[in-house]
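Novice: After the structure tokens below, expect a handful of questions from me.
Taken together, the values in this text are just the output of simple stated rules run on the coordinates, not laboratory data. Please read these numbers as outputs of a predicted model, since none were measured by experiment. All Cβ positions, glycine included, derive from the backbone under ideal geometry; neighbour counts span all protein chains shown.
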Amino acid sequence: MNEIPKIFFSKKASIEKGNFKLTTQALKDATQFDNEKGISKGSFSKSASTWTNIPVANDIVADITKLKQQEGNFILAHGGASFAQALIKHELIDEYRLVIHPVVLGKGLPLFSSAKHQLNLELVSSTAFAAGVIANVHTLIKK
């Protein structure tokens, strides 16, 4: 995970990448864990640089489109519901990996409400786990 290139998407164009040092809770937690376990900063510094020297993007359509045109492996997008809705709205997702937890919250943001039209998905795989969680992988059927 630490060696994978990363891009930070933000709606705020004024963010500069030099301000990212230890701004994410994940990086703070990783640093604290390393300190508690006696892992030297030297061994962490290479992987930490992929968390602190992150390019900032704020045009989701242009930046994701540019990424998709580059050679390499797939793009994995992590984010909240509004980030996922923006990706869906602009038809930037080719494969959906949906993890279903057996919990009813009673409220939340509908994931696919921003879709411009019906999305036809093909189930590629489905994995059921002992705790009742189901992980489904769907690919988008393009017309």
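Novice: Give me the extension gain from residue 36 to residue 135: residue separation times 0.36 nm, minus the current Cα-Cα distance, reported in nm with one decimal.
Specialist: Roughly 32.3 nm would be gained on extension.
Novice: Going by C-beta contacts inside 10 Å, put 4, 88 in order with the fewest on the left.
Specialist: With the sparsest Cβ surroundings first, the list reads 4, 88.
Novice: Report D for the range 75-143 in µm² per second (integer): Stokes-Einstein, Kirkwood Rh on Cα pairs, 37 °C, 0.692 mPa s. Each step should come with its number before you reach the end.
Specialist: On the way: Rh = 13.3 Å.
In µm²/s, the coefficient rounds to 247.
Novice: Arranged by the count of other C-beta atoms within 10 angstrom, fewest first, what order do 107, 116, 6 take? Please report the intermediate quantities before stating the final value.
Specialist: Details: 107 5, 116 9, 6 12.
With the sparsest Cβ surroundings first, the list reads 107, 116, 6.
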